[in-house]
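The structure under discussion is supplied below as structure tokens; questions concerning it will follow.
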Amino acid sequence: MGARVMVVWCPDWPVVAALWEAGMPAESARRLPAAVLERGRVGACTAAARRTGVRRGMRKRDAQAGCPDLRLLDAAPDRDARAFEPVLAAVEDLRPGVAPLRPGLLALRSPGVFYGGDAHAGAVVAEQVVGAGAWDCRVGVADDLFTAEQAARRAAPQESEVVAPGGSAAYLAALPVEVVDTQPDAGDLVSLLRRLGLRTLGDLAALPADAVHARFGAYGAWLHRAVSGAGTGVGHLGARTPPPELAREQVFEPPVDSVEVLCFSIRRTADAFVAGLAHHGLAATEVRVEVEVEDAPGVAVGRDWLHPRVFGAADLVDRLHWQLSGSTRGARSGSGPSGAGTGAQGRRAATQVGSPVTLVRFVPVVAVPEGAHAEGLWGGSTDERVARGLAKVQGILGHEGVVVPVLQGGRGPADRQTLVPYGERPTALRDRTLPWPGRLPDPPPARVFPEPWPAGVLTDDGRPVLVDDRGAMTGVPGRFRTCAAEGWQPVAAWAGPWPVEESWWDGGRRLTRFQVVGVDGRAWLLSLAGADWWTEAGYD
């Protein structure tokens with residue numbers, strides 16, 4: 001009997017990884033209705049969410065309508081891969097040569113000969129995966145990769161399903177063609193197969209191989225070989241090379257409760273961390289700083305920090321100082337920017353931590369080739385000097401002291417922008433490609449006021465211009481003023497109205513926007529909410 005393929009599948013992995021990042025145990029995926037959104041649609045959801053009718057591909061609004069308690073999470077492929085790393089390492093402890101197919105799915109040559117059979121080997125591997133924190137894992141064993149994956153998807157939690165040697169074609173024959181949707185390159189193949197009257201994989205296997213290749217191309221020919229029992233076995237499995245151990249940690253005995261002492265003592269470990277990366281020709285642009293305290297032994301509380309260039313030892317000490325002193329309070333959980341040196345804000349912060357610290361660990365989250373950020377032959381560029389200057393200012397003012405504007409989707413000018421701390425990756429932005437009914441036409445205004453100015457618009461005979469519930473205006477704008485300090489002036493031109501009604505089911509806002517040009521040539525964006533006029537922005 002030749003080598004066999006074992007596939008380990010952890011269902012709903014994007015949701016599990018997102019819940020892990022939120023500090024929730026893996027078991028919560030069983031009882032908590034949650035879903036990960038990809039471009040406004042459900043990309044993955046828990047079993048509890050599926051019981052309420054939530055499905056992959058469903059729009060966000062439809063999913064929330066069917067399950068009001070649905071917890072929505074943002075998609076993050078890097079997070080999914082990072083969270084799957086401990087599972088890969090756990091399986092590699094049993095059997096080297098693990099091939100990660102995608103986060104939540106891995107393959108390896110079955111170690112059945114070492115454990116008295118494939119079923120016993122599957123039980124050992126499942127126990128190892130559960131020990132790594134992935135409670136829901138399924139194992140499938142077969143002669144080829146495709147069949148093994150389908151077997152894993154039909155196994156019970158923490159159980160294995162073994163397809164007998166030579167039995168792949170018989171096992172796959174009764175499966176519906178919809179199982180092909182789990183393959184990343186399937187595309188619209190399932191829809192096409194159903195339109196041709198093919199309902200099971202056995203129906204596809206019964207077709208002539210040359211006709212399948214001519215009609216469905218190379219992928220269809222591969223699928224036909226797989227469902228016919230002529231799969232590729234284990235020869236093509238690309239086993240990964242385990243990454244080198246790049247993390248560095250320092251244990252404090254006795255525990256230390258002073259931020260200043262911790263930051264002073266950790267400097268050598270930070271130097272070793274940077275030197276270890278450099279030894280492999282790498283530099284870190286995202287680092288996770290983990291801290292263990294005396295009150296919770298063995299429990300590490302961490303935060304991911306970003307750097308606009310690469311981390312140095314001083315940057316790592318600065319991150320630790322901010323994390324312990326609480327100077328990052330109010331920041332987005334799970335990420336942060338760069339800085340240089342321990343700033344004045346950090347020195348003014350509290351110097352005592354809530355519980356004495358027993359361990360500090362630096363873990364590289366994103367490591368890039370060192371040459372990607374190396375200086376040019378004649379020194380650094382202007383952009384690099386600007387980045388260093390901003391990092392120094394940020395080290396003085398704190399991580400939210402330097403921000404950059406980022407565009408996102410929205411209807412009003414203020415809704416379409418958000419401020420992100422310098423060096424931080426924007427997340428959970430509203431999709432700019434959506435239609436956004438009621439959105440202003442281009443060009444957008446150049447100046448958006450943080451707080452709208454009280455304004456006024458009158459007809460030529462002095463009556464207030466209003467808009468009724470049906471969107472009809474009570475008069476034609478004749479005079480206006482942008483704020484109480486400005487005088488009234490005639491309207492040279494105007495455009496609108498653009499009505500906007502948001503969250504009407506939850507007592508949201510309803511307003512109408514106008515573009516108004518005065519006789520002085522200046523253009524303004526005015527909005528009417530109820531009976532009150534406001535100046536939102538100006539066109540320069």
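Considering segment 63-85 alone, what residues qualify as being among the charged types (D, E, K, R), over 16 Å from residue 304 (Cβ atoms) and exposed (fewer than 15 other Cβ atoms within 10 Å of the Cβ)?
Across segment 63-85, the qualifying residue is only 69.
Filter segment 281-320 for residues that are basic (Lys, Arg) and closer than 23 Å to residue 252 by Cα and give the result.
Selection gives 288, 303, 319.
Give the residue, chosen from 426, 490, 464, that is of a type outside the set (D, E, K, R), under 30 Å from residue 78 (Cβ atoms) and out of contact with any Cys (no Cβ under 7 Å at 6 or more places or on another chain).
Details: 490 fails: under 30 Å from residue 78 (Cβ atoms); 464 fails: under 30 Å from residue 78 (Cβ atoms).
Unique residue meeting the criteria: 426.
What is the one condition in (1) within 24 Å of residue 301 (Cα to Cα); (2) more than 21 Å from the chain's Cα centre (by Cα) that residue 65 does not satisfy?
(1)
Pairs please, first residue from segment 33-45 and in the same structural domain as residue 64 (by TED's automatic domain parsing), second anywhere and among the polar types (S, T, N, Q), Cβ atoms under 8 Å, 6+ apart in sequence or on different chains.
33/46; 33/52; 34/46; 35/46
Something else about it: Filter segment 293-305 down to the residues that are in a loop (DSSP other than H, G, I, E, B), of a type in the set (A, V, I, L, M) and more than 28 Å from the chain's Cα centre (by Cα) and list them by number. Walk me through how you get there before you give the answer.
Going residue by residue through segment 293-305, those that are in a loop (DSSP other than H, G, I, E, B) are 294-299.
Okay, now just the ones that are also of a type in the set (A, V, I, L, M), so 296, 299.
296, the sole residue that qualifies.
Can you give me the ranges of the helices (runs of 4 or more DSSP H) entirely in segment 111-198 with at least 2 residues that are out of contact with any Cys (no Cβ under 7 Å at 6 or more places or on another chain) and under 18 Å from residue 92 (Cα atoms)?
Per the criteria, 118-131.
Next up: What tally of residues in segment 46-90 results from selecting those that are polar (S, T, N, Q) and under 10 Å from residue 34 (Cα atoms)? Working first, answer last.
Within segment 46-90, the subset polar (S, T, N, Q) is 46, 52, 64.
With under 10 Å from residue 34 (Cα atoms) added as a condition, the list becomes 46.
Of the residues in that region, 1 qualify.
Now for a separate question. Of everything in segment 43-62, what is closer than 10 Å to residue 15 by Cβ and within 18 Å of the chain's Cα centre (by Cα)? Give them in sequence order.
The answer is 43, 44, 45, 46.
Further question on the same structure: With (1) in contact with a Lys or Arg (Cβ under 8 Å, 6 or more places away or on another chain); (2) at pLDDT below 75; (3) not aromatic (Phe, Trp, Tyr) as the list, and residue 363 as the residue in question, which single condition is left unmet?
Of the numbered conditions (1) in contact with a Lys or Arg (Cβ under 8 Å, 6 or more places away or on another chain); (2) at pLDDT below 75; (3) not aromatic (Phe, Trp, Tyr), the odd one out for residue 363 is (2).
Inspect segment 86-102 for any residue being part of a helix (DSSP H, G or I), farther than 19 Å from residue 161 by Cβ, free of Cβ contacts under 8 Å to residues at least 24 places away in the same chain and not polar (S, T, N, Q) and give the result as yes or no.
Taking every residue of segment 86-102 in turn, none turns out to be part of a helix (DSSP H, G or I), farther than 19 Å from residue 161 by Cβ, free of Cβ contacts under 8 Å to residues at least 24 places away in the same chain and not polar (S, T, N, Q).
Do we have residue 42 as assigned to a loop (DSSP other than H, G, I, E, B), touching a helix residue (DSSP H, G or I) at 6+ places or on another chain (Cβ under 7 Å) and buried (at least 19 other Cβ atoms within 10 Å of the Cβ) here?
It is false that residue 42 is assigned to a loop (DSSP other than H, G, I, E, B), touching a helix residue (DSSP H, G or I) at 6+ places or on another chain (Cβ under 7 Å) and buried (at least 19 other Cβ atoms within 10 Å of the Cβ).
Restricting the search to segment 125-141, which residues are in contact (Cβ under 8 Å) with a residue 40 or more places away in the chain and under 28 Å from the mean Cα position of the chain (by Cα)? Walk me through how you get there before you give the answer.
Step one: of segment 125-141, the residues in contact (Cβ under 8 Å) with a residue 40 or more places away in the chain are 125-126, 129, 131-141.
Across segment 125-141, the qualifying residues are 126, 129, 131, 132, 133, 134, 135, 136, 137, 138, 139.
How many residues does segment 142-187 contain that are among the aliphatic types (A, V, I, L, M), modelled with pLDDT of 90 or more and within 32 Å of the chain's Cα centre (by Cα)?
5
Sticking with this one: With the condition kept exactly as written, say whether any residue in segment 451-464 is buried (at least 16 other Cβ atoms within 10 Å of the Cβ), aromatic (Phe, Trp, Tyr), in contact with a strand residue (DSSP E or B) (Cβ under 9 Å, 6 or more places away or on another chain) and closer than 23 Å to residue 416 by Cα.
yes
The values are calculated or read from the model by the stated rules, or taken from the named source; none is laboratory data. What you see is a predicted model; the values in this text were computed from it and never measured. Cβ coordinates were reconstructed from backbone atoms using ideal geometry, including for glycine residues, and neighbour counts include every protein chain displayed.
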